[in-house]
Amino acid sequence: MNRKRNIYKLIILAVIVLLAMAAYMTIGVKFHNERLMRFAFKIRYPKLIAMIITAFTIGGASIVFQSVINNTIVTPCLLGMNSLYTLIHTAVVFFLGSGSMLVINANMSFALDLVIMGVVATFIYSYLFKVTNHNVLYVLLIGTVLTSFFSSIQSTLTRVMDPNEYDTLLTSLVASFSNVNSEIIIFSLIIIAAIIVVFRKELAMLDVLTLGKEQAVNLGVDYDKCIRRLLLAVTLCISVATAMVGPISFLGLIIANLSRQMLKTYRHTQLILGSALFGMIGLILGQLIVERVFIYAIPVSVFITVGGGIYFLYLLLAGKRA
């Protein structure tokens, strides 16, 4: 009965997503002029696809991360990928200048972000996970320390950076869907498909892993290996989303908890789908407001950060009352 109810809820969310997509693609389009109409669609559809990819990767990664850590008020940003992203871009502008090909060329910038974050993630969540005797809390602590470490270096570089270079840098440090490269979208889809294929066995075991280590081991699951590989998958997904649009810290917290509160189920297929749909609704409607109401004056990440902070306080207060 609960499963059917959740399916109906997911269908409703999917319909809302389709309506939001239709609104984003059609509002403000001059249909009487064919050239202007084609131009508008050409600009909007890469943004729309980028928002769908971002919602799916961050939504899915947040649900998986919360289940692995067994805490619903944590987000994958604790792994340090957002801070590493800002450090990479700051270091490139600081040492090579804003006229460097790594800054101007979107494809090269995306590849650099993805390679560095992927290598760091592989090292931290494969090697260090073994060194710490498969202790998830130690891994979280390492991620928190690295976040502070990366932020400190980035802050130091910005303090001694040329002000004109810093103005150029700021545009890449704020999450934005204004200028999305279609080639990056194709590359991102290939990487996400590869992540799903490579980690499909571990993703299929999520329902069992949430029962606890002892129960999972009794059912024949290599618990430590699955947790290590799932953390790596989470980090790679966050790396793809961050490299494509920039850091969006609170998005995962919001959509993952909305999905859990609405569906109230242990089935991760439903939770991940619900989280992704909530993310699509928030990003598409948020970008629509940014473009039509604020005329690009405020990026959508500002609304997500403010809303996420308020929602985080609500979750803390609700948890204390419970």
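The values are calculated or read from the model by the stated rules, or taken from the named source; none is laboratory data. Keep in mind that this is a model prediction, so the values were computed, not measured. All Cβ positions, glycine included, derive from the backbone under ideal geometry; neighbour counts span all protein chains shown. Only protein heavy atoms, including side chains, enter the accessible area calculation; ligands, DNA and RNA are left aside. Shrake-Rupley method; radii C 1.70, N 1.55, O 1.52, S 1.80 Å.
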_Take THR171 and tell me if it is under 18 Å from ALA243 (Cβ atoms), open to solvent by 70 Å² or more (accessible area, probe 1.4 Å), of a type in the set (S, T, N, Q) and over 18 Å from the mean Cα position of the chain (by Cα)._
yes
*Quick one: which helices (runs of 4 or more DSSP H) lie wholly within segment 145-246 and hold at least 1 residues that are of a type in the set (Ser, Thr, Tyr) and out of contact with any Asp or Glu (no Cβ under 6 Å at 6 or more places or on another chain)?*
163-173, 182-198, 223-245
*Just checking, which of SER100, SER152, SER83 is hydroxyl-bearing (Ser, Thr, Tyr), modelled with pLDDT of 80 or more, buried (at least 18 other Cβ atoms within 10 Å of the Cβ) and more than 30 Å from ARG292 (Cα to Cα)?*
SER83
*When only residues in segment 161-189 that are without any contact (Cβ under 8 Å) to a residue 12 or more places away in the chain and hydrophobic (A, V, I, L, M, F, W, C) count, which is nearest to GLY99 (Cα to Cα)?*
LEU170
_Every residue in segment 278-322 that is closer than 14 Å to VAL174 by Cβ, under 20 Å from the mean Cα position of the chain (by Cα) and aliphatic (A, V, I, L, M), please._
VAL290, ILE298, VAL300, VAL302, ILE304, VAL306
*Determine whether ILE73 is open to solvent by less than 20 Å² (accessible area, probe 1.4 Å) and within 30 Å of LEU137 (Cα to Cα).*
no
*Could you list, in sequence order, all residues of segment 3-21 that are of a type in the set (A, V, I, L, M, F, W, C) and open to solvent by 50 Å² or more (accessible area, probe 1.4 Å)?*
ILE7, ILE11, ILE12, VAL15, ILE16, LEU18, LEU19
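Does ALA256 count as more than 10 Å from the chain's Cα centre (by Cα) and closer than 13 Å to PHE56 by Cα?
So ALA256 fits the description; yes.
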